[in-house]
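Take a look at the structure set out below.
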Amino acid sequence: MKLLNGRELAGFIKERQARQVRGLIQHDKIKPKLAIIQTSDDPVIDTYVRLKKNYGTDILIDVDIHKIPQTESKKLIAKLNADKSVHGIIVQLPMDNPEETDEIVNAIAPEKDVDGLGERAILDPATPMAIHWLLSGYNVELKGKKIVLVGNGRLVGRPLARMWRNSGLEPEAINSKTRDRSEKLRVADIIVTATGVPGLIKSDDIKPGAVVVDAGTADDHGQIVGDITPDIRERTDITITPKIGGVGPLTVTALMDNTIRAARDSPQAE
């Protein structure tokens, strides 16, 4: 088994980002700042917010966490949009009332939408960018391959499908309710899954030599788990993300890359 170690790649990128931030602070007098709006009280979400906060501290990006009721989100976003010291804004998903997600995310100013999820977003979505970095970093060829994306969520599946189709690839998108899901998976060269359904993909669903990116996250009795069954990681004939340290570290890295870019392109830098 070959591991797609996102943590290792993130380490190299992190060094470059730290240099960029120091340059912004020393030469341009700009201290990048990211605002995270959290409306759910959930241990999985708490973990991801903490990772972002710690990463930002390491590379000298200020990360402000605003834990508020969802009903106050748009009012806070308007305030942050107008704050010139804030360069990036994200809403930590999922929200308690997901029906309002589009409206709230689209309230973020496009130049500050560092998750890249709004309809007018300028920057690439962080998690799809992380997956692309991960596969590129390990020289996984995408052209001419049978690619199957499992899940059509706004964080991973939907924007990744759009990103890859725009680059000339032809991924097939399915979900947890697709009836012939196993048949489609068994012929896939590359599988990217992000449904949040623990154990959705079984070992029999994956052919020898396949590349598997498990970007699913769910809380299973207090533990963060992905979409695949544990026995899949015992196989020696596939390439796969590790249980911990696959897409996650690079997603935070991509988010911070967008924050640095937003700070560099902000009116302060002119």
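The values are calculated or read from the model by the stated rules, or taken from the named source; none is laboratory data. Remember, it's a predicted structure, so these values are computed and weren't measured experimentally. As a convention, Cβ positions derive from the backbone with ideal geometry for all residues, glycine included, and neighbour counts pool all protein chains shown. Side chains included, ligands, DNA and RNA excluded: accessible areas come from the protein's heavy atoms. Shrake-Rupley method; radii C 1.70, N 1.55, O 1.52, S 1.80 Å.
Could you pull the accessible area for Asp189 with a 1.4 Å probe, rounded to 10 Å²?
Rounded to the nearest 10, that gives 40 Å².
Take each of the peptides 192-199, 16-23, 206-213, average the number of other beta-carbon atoms within 10 Å over its residues, and list them starting from the highest.
Result, highest mean first: 192-199, 206-213, 16-23.
Around Gly144, with a cut-off of 12 angstrom between Cβ atoms, what is the net charge of the other residues, counting Lys and Arg +1 and Asp and Glu -1?
Result for the neighbourhood of Gly144: 0.
Let me spell out the model: positive unit charges on the Cβ of Lys and Arg, negative unit charges on the Cβ of Asp and Glu, origin at the Cα centre of the range 1-69. What dipole size does that give, in debye rounded to 20?
The calculated dipole for the range 1-69 is roughly 300 debye.
Rounded to the nearest 20 Debye, what is the dipole magnitude of the chain about its Cα centre when Lys and Arg each give +1 and Asp and Glu each give -1 at the C-beta?
Result for the chain is approximately 660 debye, rounded to the nearest 20.
Considering amide H positions built from the backbone, and no H for Pro or chain starts, which residues 5 or more places from Ala173, or on another chain, come under 5 Å of its amide H?
Sorted by chain and number, the residues that satisfy this are Leu149.
What pairs from Lys31/Lys243; Lys74/Lys145; Lys14/Lys67; Lys33/Lys184 go past 32 Å between their alpha carbons?
Those over the limit are Lys31/Lys243; Lys74/Lys145; Lys33/Lys184.
So which GluC sites (Glu not before Pro) in the range 85-143 are both in a DSSP loop and have at most 10 other Cβ atoms within 10 Å of their Cβ?
Glu119
For the ranges 177-187, 47-57, what's the packing order if you count other beta-carbon atoms within 10 Å of each residue, average per peptide, and put the highest first?
Packing proxy ranking, top to bottom: 47-57, 177-187.
Say the dipole of the chain comes from +1 at the beta carbon of Lys and Arg and -1 at that of Asp and Glu; which of Thr251, Ser266, Ala35 then lies farthest toward its positive end?
Highest projection toward the positive end goes to Ser266.
If the reach is capped at under 13 angstrom between alpha carbons, list the aspartates and glutamates near Lys112, excluding any in the same chain fewer than eight residues apart.
Candidates past the 8-residue exclusion: Asp83, Asp124, Asp257, Asp265.
Which ³J(HN,Hα) values in Hz, rounded to whole numbers, follow from the phi angles of the range 232-238 under the Karplus curve 6.51 cos²θ - 1.76 cosθ + 1.60, where θ = phi - 60° and Gly and Pro get x?
With coefficients 6.51, -1.76 and 1.60, one gets 5, 6, 8, 6, 10, 10, 9 Hz.
Given Cβ point charges of +1 (Lys, Arg) and -1 (Asp, Glu) and nothing else, what value in debye, to the nearest 20, does the dipole of the range 55-96 about its Cα centre take?
220
Taking the dipole about the Cα centre of the range 136-200, with the C-beta of Lys and Arg at +1 and of Asp and Glu at -1, give me whichever of Thr193, Gly168, Gly153 is farthest to the positive side.
Of Thr193, Gly168, Gly153, it is Gly153.
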